[in-house]
Amino acid sequence: MLLSIGSPSGASLDRLLTEARRDEPTYGEVGATLAGPLPAGYRHDSWSAPLGIGASSFDRGVLGLQRWEGHRHAGIAVHPVGKPPEEGDTVALVIPVGPLALTIANRIVAVVDDARRFAVVYGTLPGHGEQGEEAFIVNHHDDDTVTFDIVAFTRPAGAARLGRPAVRFLQLRATKRYLSGLQRFVKGESP
């Protein structure tokens, strides 16, 4: 984790990513957001937002996930910039908190690219304020509707236990913005 005034420098991000690539996820239940059931001992969250109807809405939702559009609309920068998610990659999320920026690293533990389902799943690494996993899924359902679903299991880690209400507030704010951001992207609206 890195705390900085404003966005961190490119060198700081490179250093954080280099160190985080050596680490393993901080939880044992890797992949449980896709395989279920969600593990005991964590907070379980599930959200869904409609994206539209038909193949064009699905394709646009997939493109949005590949480009991290939900995160961008939430004000969260994902590094390395411009790189589509791939299983095994380590990403740094730069989260603005007032005049500060909190930068955390996550591991992409799964990418699912099926005809009617696309998902990006990342999990926490050492130094993250949480332990657990979050899945971002675009589903094209049998009735031709398309949804953006987020499934997560998390629990506070380390010093974040002391700031649990603040961490939860930031988590919920980001999730709400991920959902509305991908909806807006699919509709062709600007942030």
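The values are calculated or read from the model by the stated rules, or taken from the named source; none is laboratory data. Here the structure is a predicted model, which is why all the values come from computation and not from measurement. Cβ: placed from backbone, ideal geometry, glycine included. Neighbour counts: every protein chain shown. Note: accessible area is taken over every heavy atom of the protein model, side chains too, but ligands, DNA and RNA are not part of it. Shrake-Rupley method; radii C 1.70, N 1.55, O 1.52, S 1.80 Å.
Summary table below
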quantity: Complete set of residues in the range 3-23 that are hydrophobic (A, V, I, L, M, F, W, C), surrounded by 14 or more Cβ atoms within 10 Å (Cβ to Cβ) and over 17 Å from the mean Cα position of the chain (by Cα); calculated: Leu13, Leu16
quantity: When residues of the range 24-37 are limited to those that are of a type in the set (A, V, I, L, M) and open to solvent by 50 Å² or more (accessible area, probe 1.4 Å), the one modelled with the lowest pLDDT; calculated: Ala35
quantity: Residue count for the range 120-134, restricted to those that are open to solvent by less than 10 Å² (accessible area, probe 1.4 Å) and touching a helix residue (DSSP H, G or I) at 6+ places or on another chain (Cβ under 6 Å); calculated: 4
quantity: Tally, over the range 30-46, of residues that are in contact with a strand residue (DSSP E or B) (Cβ under 8 Å, 6 or more places away or on another chain) and either over 12 Å from Phe153 (Cα atoms) or of a type in the set (Lys, Arg) (or both); calculated: 1
quantity: Which numbered condition Leu102 fails, given (1) over 23 Å from Val30 (Cβ atoms); (2) part of a helix (DSSP H, G or I); calculated: (2)
quantity: Hits in the range 77-108 (condition: out of contact with any helix residue (DSSP H, G or I) (no Cβ under 9 Å at 6 or more places or on another chain) and either of a type in the set (S, T, N, Q) or at pLDDT 95 or above (or both)); calculated: Glu86, Glu87, Gly88, Asp89, Ile108
quantity: Residue pairs meeting the criteria (Cβ under 6 Å; at least 6 apart or on separate chains; first polar (S, T, N, Q), in the range 119-142; second assigned to a loop (DSSP other than H, G, I, E, B)); calculated: Thr124/Thr26; Gln131/Thr26; Gln131/Tyr27; Gln131/Ala157
quantity: Search result, residues across the range 135-151 that are out of contact with any Lys or Arg (no Cβ under 6 Å at 6 or more places or on another chain) and surrounded by fewer than 23 Cβ atoms within 10 Å (Cβ to Cβ); calculated: Ala135, Ile137, His141, Asp142, Asp143, Asp144, Thr145, Thr147, Asp149, Ile150, Val151
quantity: The one condition in (1) crowded, with 18+ Cβ neighbours inside 10 Å; (2) farther than 27 Å from Ala157 by Cβ; (3) at pLDDT below 95 that Arg72 fails to fulfil; calculated: (2)
quantity: The range 51-62 - residue that is touching a residue at least 60 places away in the same chain (Cβ under 8 Å) and open to solvent by 40 Å² or more (accessible area, probe 1.4 Å) and, of those, nearest to Ala115 (Cα to Cα); calculated: Ala55
quantity: Residues of the range 57-94 classified as within 19 Å of Asp149 (Cβ to Cβ) and polar (S, T, N, Q), total; calculated: 2
quantity: Tally, over the range 97-115, of residues that are surrounded by 14 or more Cβ atoms within 10 Å (Cβ to Cβ), in contact (Cβ under 8 Å) with a residue 40 or more places away in the chain and of a type outside the set (A, V, I, L, M); calculated: 2
